[in-house]
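Take a look at the structure set out below.
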Amino acid sequence: MNILGIESSCDETAAAVYGDDGLKSNIIASQTIHERFGGVVPELASRAHQETIWLTVQQALNEANMDMDDIDVIAVTHGPGLMGALLVGLSFAKGLSISYNKPLIGVNHIDAHVYANFIDETPEFPFLGLIVSGGHTQIIYAEKPFKHKILGQTRDDAAGEAFDKIGKILQLPYPAGPHIDKLSQTGDIHFHKFPQALLEDGFEFSFSGLKTSALYYINDIPEEEQESFLKEHLNDISASVSHAITEVLIKKLGKAIKKTHARTVILAGGVSANSMLRQKAQKMAKKHNVNLYYPKLVYCTDNAAMIAVTGYLKAQRQLFDDIRIKPFASLSDVVKTR
Ligand code: KG4
Ligand code: ZN
């Protein structure tokens, strides 16, 4: 069985093929047009998806040495994400499904980040998942495939969003997460104590206070000294910020392990590429004696390999969708439309 996966929920146009013996191709066309705006511009994202989607799918088929006749199922992200961007991938996938008479599977983008862990490995169920991306921060408990319970999520900003927004304050390019990660590696985590919110309070997160605190911290420095201060201490501030974000994530995850007695933990989403988070997760896994999984770096941020592998796992369970499947912008929308 070969699955063509298509992803277009945000600013990555991506296509991949996953088959019985693993991943056969993985193409990502990242949209650089948003850099100058310091964030993703939805309308520009939709247009860029339209321009590149056919070429991206063709490249994925070429790299897998296949054509559409070799594909058994088309899997496509149908949410959450930017509505216009989702519509491009979903409409394209529907077109392929009708013209080549192939079944269609809608993939939840957040589930796909989780199942990115199944591209190269096979984590055991039940597992606890820490999903940390630019749009979401959740701790889930997955009893069996596609049966996930959300134990807690963010009340405001997502972890990746916190990295990106604080990065903007520090005048770093968008997305700032990877830059802050790199700078942190030579910085002092104790240089400044940023707030770690909601540590005692269930499994929910809040990162907006941290963002405000970073803004005040920089604004309190006299304007004429800001540039030289940032130049000298960007790595220390980055390390202190990374420490604050990852401490909250890891402490909550540790608490969830204690509560659920899970023996397997997975990390997922763009922020799971973060080196400090990975180090702390490894330490925590050792302490609690749990098996820890995280995807290869290239499968952490948005890609279609994760869509194709999720499609594969759904197809094995006959979880196909109707051609009338709708896109959804947020998780609450999917509940409303069900
Ligand atoms: O999963 P993803 O590609 O997109 C969403 O579904 O949101 O995540 C993107 C987020 C961005 O906020 C980016 O700054 C963050 O992941 N990110 C990182 C790192 N790599 C990507 N954050 C911290 N450290 C990293 N190494
Ligand atoms: Zn994502």
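In this structure, is ILE119 under 16 Å from the mean Cα position of the chain (by Cα), away from ligand 2 (no atom under 16 Å from the Cβ) and either open to solvent by 20 Å² or more (accessible area, probe 1.4 Å) or of a type outside the set (Gly, Ala, Ser) (or both)?
So ILE119 fails the test.
So is PHE229 in contact (Cβ under 8 Å) with a residue 40 or more places away in the chain and more than 16 Å from ligand 2 (Cβ to nearest atom) or not?
In short, no.
How many residues are within 16 Å of ligand 1 (Cβ to nearest atom), open to solvent by less than 20 Å² (accessible area, probe 1.4 Å) and either over 17 Å from ILE28 (Cα atoms) or free of Cβ contacts under 8 Å to residues at least 24 places away in the same chain (or both) when one looks only at region 80-110?
Of the residues in region 80-110, 3 are within 16 Å of ligand 1 (Cβ to nearest atom), open to solvent by less than 20 Å² (accessible area, probe 1.4 Å) and either over 17 Å from ILE28 (Cα atoms) or free of Cβ contacts under 8 Å to residues at least 24 places away in the same chain (or both).
Check ASP157 against each of (1) more than 9 Å from ligand 1 (Cβ to nearest atom); (2) in a helix (DSSP H, G or I); (3) open to solvent by 10 Å² or more (accessible area, probe 1.4 Å) and name the one condition it does not meet.
Of everything listed in (1) more than 9 Å from ligand 1 (Cβ to nearest atom); (2) in a helix (DSSP H, G or I); (3) open to solvent by 10 Å² or more (accessible area, probe 1.4 Å), ASP157 misses just condition (2).
Hey, can you tell me all the residues within region 181-226 that are of a type in the set (Asp, Glu) and open to solvent by less than 60 Å² (accessible area, probe 1.4 Å)?
ASP181
Within the set of pairs 6+ apart or on separate chains, which have a first residue in region 141-170 that is free of Cβ contacts under 8 Å to residues at least 60 places away in the same chain and within 16 Å of ligand 2 (Cβ to nearest atom), a second that is outside any loop (DSSP other than H, G, I, E, B) and among the basic types (Lys, Arg), and C-beta atoms under 6 Å apart?
That search, which allows pairs on different chains as well, returns nothing.
Among the residues of region 110-122, which ones are in a helix (DSSP H, G or I) and polar (S, T, N, Q)?
Listed by number, the list holds a single entry, ASN117.
If the requirement is being part of a helix (DSSP H, G or I), open to solvent by 40 Å² or more (accessible area, probe 1.4 Å) and among the aliphatic types (A, V, I, L, M), which of these qualifies: VAL241, VAL309, VAL298, VAL248?
VAL298
State whether the residues of region 123-141 include one that is among the hydroxyl-bearing types (Ser, Thr, Tyr), under 16 Å from the mean Cα position of the chain (by Cα), within 16 Å of ligand 1 (Cβ to nearest atom) and assigned to a loop (DSSP other than H, G, I, E, B). Outline the logic, then answer.
The initial filter retains those residues of region 123-141 that are among the hydroxyl-bearing types (Ser, Thr, Tyr), namely 133, 137, 141.
Filter again for under 16 Å from the mean Cα position of the chain (by Cα), leaving 133, 137.
Checking the rest, the ones that are also within 16 Å of ligand 1 (Cβ to nearest atom) come to 133, 137.
Restricting the remaining residues to those that are assigned to a loop (DSSP other than H, G, I, E, B) gives 133.
Checked region 123-141: at least one residue is among the hydroxyl-bearing types (Ser, Thr, Tyr), under 16 Å from the mean Cα position of the chain (by Cα), within 16 Å of ligand 1 (Cβ to nearest atom) and assigned to a loop (DSSP other than H, G, I, E, B).
Being surrounded by 15 or more Cβ atoms within 10 Å (Cβ to Cβ) and closer than 18 Å to LEU128 by Cα, is that true of even one residue in region 316-336?
no
Sort out for me the strands (runs of 3 or more DSSP E) sitting completely within region 1-58 that have 2 or more residues that are in contact with an Asp or Glu (Cβ under 8 Å, 6 or more places away or on another chain), within 16 Å of ligand 2 (Cβ to nearest atom) and under 21 Å from ILE110 (Cβ atoms). Even if it seems obvious, please write down each step before you answer.
Details: elements: 3-7, 12-19, 22-30.
Fully inside region 1-58 and qualifying: 12-19, 22-30.
The values are calculated or read from the model by the stated rules, or taken from the named source; none is laboratory data. The structure displayed is predicted, hence computed values, not measured ones. No Cβ is skipped: glycine too gets one built from the backbone with ideal geometry, and neighbour counts run over all protein chains shown. Each accessible area value is taken on the protein alone, full model and side chains, heavy atoms only, with ligands, DNA and RNA left out. Shrake-Rupley method; radii C 1.70, N 1.55, O 1.52, S 1.80 Å.
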